[in-house]
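The values are calculated or read from the model by the stated rules, or taken from the named source; none is laboratory data. Since we're looking at a predicted model, the values are computed, not measured. Cβ atoms come from the backbone with ideal geometry, glycine included; neighbour counts cover every protein chain shown.
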Amino acid sequence: MAALARNGFIASLLVRLAPFAPFVLINMAAGVTPMRLVDFTAGTAIGIIPKIVLTAFAGGSVLRALKGGGPAAVALAAVAILLLLAGAAGAQRWISSRRA
């Protein structure tokens, strides 16, 4: 809890970047720690932007690929999905390194 309070901005940001992160846990932790509201809000606001953009891009690319958009559409869908997975892996790796 103390680590979350000290690193509120980074914790909120990284949890939002990971596609399958447990948002509920970070929200509950933010509520019971002395995490500053501005850190939580700023981390959340900045962290959701890339995820929203990538999710929209991936969704559009996958739909184009499924509708017969050709090899370029399949490649774009694969790139978007890989970017989402890389973001999740990077966030998890950073969080794991901070625990050690």
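Worth pointing out:
- Residues considered: SER61, SER12, SER96. Of these, the only one that is among the polar types (S, T, N, Q) and in contact (Cβ under 8 Å) with a residue 24 or more places away in the chain is SER12.
- Test result for ALA30, within 13 Å of the chain's Cα centre (by Cα) and of a type in the set (A, V, I, L, M): no
- Segments classed as helices (runs of 4 or more DSSP H), wholly inside the stretch 15-100, with at least 3 members that are surrounded by fewer than 17 Cβ atoms within 10 Å (Cβ to Cβ) and of a type in the set (S, T, N, Q): 71-99
- GLY47 within 13 Å of the chain's Cα centre (by Cα) and of a type in the set (Gly, Ala, Ser): yes
- Residues within the stretch 5-45 that are under 15 Å from ALA91 (Cα atoms) and touching a helix residue (DSSP H, G or I) at 6+ places or on another chain (Cβ under 6 Å), tallied: 15
- Residue in the stretch 78-100 that is nearest to VAL53 (Cα to Cα), counting only those that are more than 15 Å from the chain's Cα centre (by Cα) and at pLDDT 80 or above: VAL79
- Of all residues in the stretch 24-40, those that are of a type in the set (Asp, Glu) and modelled with pLDDT of 80 or more have Cβ atoms under 7 Å from Cβ atoms of residues that are surrounded by 10 or more Cβ atoms within 10 Å (Cβ to Cβ) and assigned to a helix (DSSP H, G or I), 6 or more apart or on another chain, in ASP39/GLY8; ASP39/PHE9; ASP39/SER12.
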